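The values are calculated or read from the model by the stated rules, or taken from the named source; none is laboratory data. Bear in mind that the values here come from a model prediction, so they are computed numbers and not experimental data. Quick reminder, even Gly has a Cβ in these numbers, built from the backbone with ideal geometry, and neighbours come from all protein chains shown. Keep in mind that these areas ignore ligands, DNA and RNA; they rest on the heavy atoms of the full protein, side chains included. Shrake-Rupley method; radii C 1.70, N 1.55, O 1.52, S 1.80 Å.
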Amino acid sequence: MNSKERFLAACRRKPVDRPPVWLMRQAGRYLPEYRHIRENHDFLEMCKTPEIACEVSLQPWLRYKMDAVIVFSDILFVPEAMGQKLTFKKNEGPNLSPKIEKPADLKNLLKVDAKKAFSFVYDTIALLKSKLPADVPVIGFSGAPMTLAYYMTDEKIDVWMKEYPKEFHSLLDAISSVVGEYVYHQHQAGADVIQLFDTWAGNLTKEKFQEFALPYIKKSIDIGKKIVPYIVYSRKCKHILDDLAGCGADVISIDPNTSMDKAIKEIGDKVAIQGNIDPKTLLTTPGVVRQETSRLLSKIKGRTGHIINLGHGVLQTTPLECVEAFVETVKHAV
Ligand code: CP3
């Protein structure tokens with residue numbers, strides 16, 4: 001099987017010769033060739049210049065030949081398109097301004113023409129498709145509504161859920177429309193798979209997740225039209241596995257603190273599973289990485305529908321030889 005056949009088959013729970021493998025945040029600062037480009041360009045400029053974004057997306061694949069390439073971008077371009085200014089301060093992470101603090105601030109949000117607003121992302125995807133062999137799948141992505149709302153409200157989602165639930169629902173609804181159209185156009189540009197990052201949604205209780213996060217994952221997927229497989233990721237998901245399995249996605253991406261045995265038991269044959277090596281494991285040695293990856297491979301043996309990945313993004317200080325050990329162990333799996 002080639003990478004694209006293998007990846008799509010795993011998403012759809014069809015038999016594969018071996019599980020496909022890629023890493024969340026596989027393009028980034030652990031790579032010397034990324035740091036080299038980053039010396040002369042700022043992060044937002046890199047994302048918004050299709051030639052650079054394309055080159056950076058290809059860097060990990062050129063080294064390790066993972067089974068998929070994820071487009072180099074960021075989830076926070078959605079809030080930016082909705083009217084918040086996005087900046088990254090060195091070593092501080094992202095900043096969005098003006099902040100959305102109270103319902104009256106919602107009127108400042110802009111209506112988004114998703115086809116225009118994110119054209120740089122679609123151009124990068126099209127460029128990637130032209131440079132890659134046809135048998136390598138490209139992953140497009142977006143933040144999911146709750147995680148985007150988390151950043152848009154300056155992490156004050158608890159206040160909004162308690163004080164202004166009705167207005168918070170309308171914010172989440174507005175974000176869902178943008179996300180759905182955004183991923184639809186990524187597919188139109190050539191993305192073979194879409195991943196929605198709901199990184200922060202798993203911090204909610206199950207009840208709050210069901211009320212404020214789940215309906216908007218569903219809505220985004222519906223508006224995206226579901227032409228390609230969808231993967232949904234949350235960073236703490238052990239209490240919401242059944243909800244995620246029913247959200248309309250084809251693959252649920254599991255964090256490192258959710259036991260794979262439990263995930264397999266609860267998800268059963270409903271959807272495929274992605275994950276979940278702890279990114280910290282890749283800070284050790286190639287020997288340890290091989291051992292842990294082999295352990296995961298033996299757990300999922302015999303189950304159709306598994307994509308090997310980390311449980312969260314690659315860490316900046318990850319040694320190159322540990323990434324290699326991870327990918328190669330999966331490639332040699334039988
Ligand atoms: O996976 C990939 O290789 C594709 C690129 C990608 C980036 N961000 C590049 C990036 C993806 C898929 C993301 C998703 C993203 N962005 C998420 C969801 C996934 C997750 O990790 O939970 C979130 C929450 C963000 C928002 C974001 N972007 C934060 C909080 C930060 C700062 C923290 C950090 O890692 O520096 C970013 C910056 C960012 N996004 C970088 C990269 C490569 C670092 C930029 C740099 O070079 O300085």
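Just one of the listed residues (123, 135) is closer than 27 Å to residue 192 by Cβ, in contact with a helix residue (DSSP H, G or I) (Cβ under 9 Å, 6 or more places away or on another chain) and not in a helix (DSSP H, G or I), and it is 135.
Selection of segment 110-167 for residues being within 19 Å of residue 235 (Cα to Cα) and open to solvent by 70 Å² or more (accessible area, probe 1.4 Å) yields 155, 156, 158.
State which residue is farthest from the ligand (Cβ to nearest atom) when the search covers only segment 301-324 and only residues that are part of a helix (DSSP H, G or I) and open to solvent by less than 10 Å² (accessible area, probe 1.4 Å). Full working, then the answer.
Taking segment 301-324 first, the residues part of a helix (DSSP H, G or I) are 320-324.
If we keep only those that are open to solvent by less than 10 Å² (accessible area, probe 1.4 Å) as well, we get 322-323.
Details: 322: 16, 323: 12 Å.
Result: 322.
Summed over segment 96-106, residues that are closer than 15 Å to residue 155 by Cα and open to solvent by 40 Å² or more (accessible area, probe 1.4 Å) total 5. The residue that is surrounded by the most Cβ atoms within 10 Å (Cβ to Cβ), among those in segment 1-39 that are more than 12 Å from the ligand (Cβ to nearest atom) and polar (S, T, N, Q), is 3.
Residue 35 meets the conditions (1) within 18 Å of residue 321 (Cβ to Cβ); (2) touching a strand residue (DSSP E or B) at 6+ places or on another chain (Cβ under 7 Å) in every case but one. The failed one is (2).
Residues in segment 255-291 that are of a type outside the set (Val, Ile, Thr), touching a helix residue (DSSP H, G or I) at 6+ places or on another chain (Cβ under 6 Å) and either open to solvent by 60 Å² or more (accessible area, probe 1.4 Å) or part of a loop (DSSP other than H, G, I, E, B) (or both): 266, 270, 290.
With respect to residue 194, determine if the residue is touching a His at 6+ places or on another chain (Cβ under 8 Å), open to solvent by less than 10 Å² (accessible area, probe 1.4 Å) and under 14 Å from residue 224 (Cβ atoms). Explain how you work it out, then say what you get.
Numbers: touching a His at 6+ places or on another chain (Cβ under 8 Å): yes; open to solvent by less than 10 Å² (accessible area, probe 1.4 Å): yes; under 14 Å from residue 224 (Cβ atoms): yes.
So residue 194 passes the test.
Can you give me the ranges of the helices (runs of 4 or more DSSP H) entirely in segment 23-87 with at least 2 residues that are over 19 Å from the mean Cα position of the chain (by Cα) and either farther than 29 Å from residue 256 by Cα or of a type in the set (Asp, Glu) (or both)?
In segment 23-87, 32-38, 50-64 are the helices (runs of 4 or more DSSP H) which contain 2 or more residues that are over 19 Å from the mean Cα position of the chain (by Cα) and either farther than 29 Å from residue 256 by Cα or of a type in the set (Asp, Glu) (or both).
The residue of segment 43-95 that is most open to solvent (accessible area, probe 1.4 Å), among those that are within 12 Å of the ligand (Cβ to nearest atom) and of a type in the set (Asp, Glu), is 92. Checking segment 206-224 against the condition returns a match, with at least one residue being open to solvent by less than 10 Å² (accessible area, probe 1.4 Å), touching a residue at least 24 places away in the same chain (Cβ under 8 Å), within 16 Å of the ligand (Cβ to nearest atom) and in contact with an Asp or Glu (Cβ under 7 Å, 6 or more places away or on another chain). Screening residue 5 with (1) in contact (Cβ under 8 Å) with a residue 40 or more places away in the chain; (2) in a loop (DSSP other than H, G, I, E, B) gives one miss only, at (2).
Filtering segment 112-140 to residues that are in contact with a Gly (Cβ under 9 Å, 6 or more places away or on another chain), closer than 13 Å to residue 72 by Cβ and not β-branched (Val, Ile, Thr) leaves 128, 140.
Collect the residues in segment 229-244 that are farther than 20 Å from residue 139 by Cα and open to solvent by less than 10 Å² (accessible area, probe 1.4 Å), keeping them in residue-number order.
Scanning segment 229-244 gives 237, 240, 241.
The C-beta contact set for segment 82-99 (first residue in contact (Cβ under 8 Å) with a residue 60 or more places away in the chain, second residue in a strand (DSSP E or B) and within 15 Å of the ligand (Cβ to nearest atom), distance under 9 angstrom, 6+ apart or interchain) comprises 84/96.
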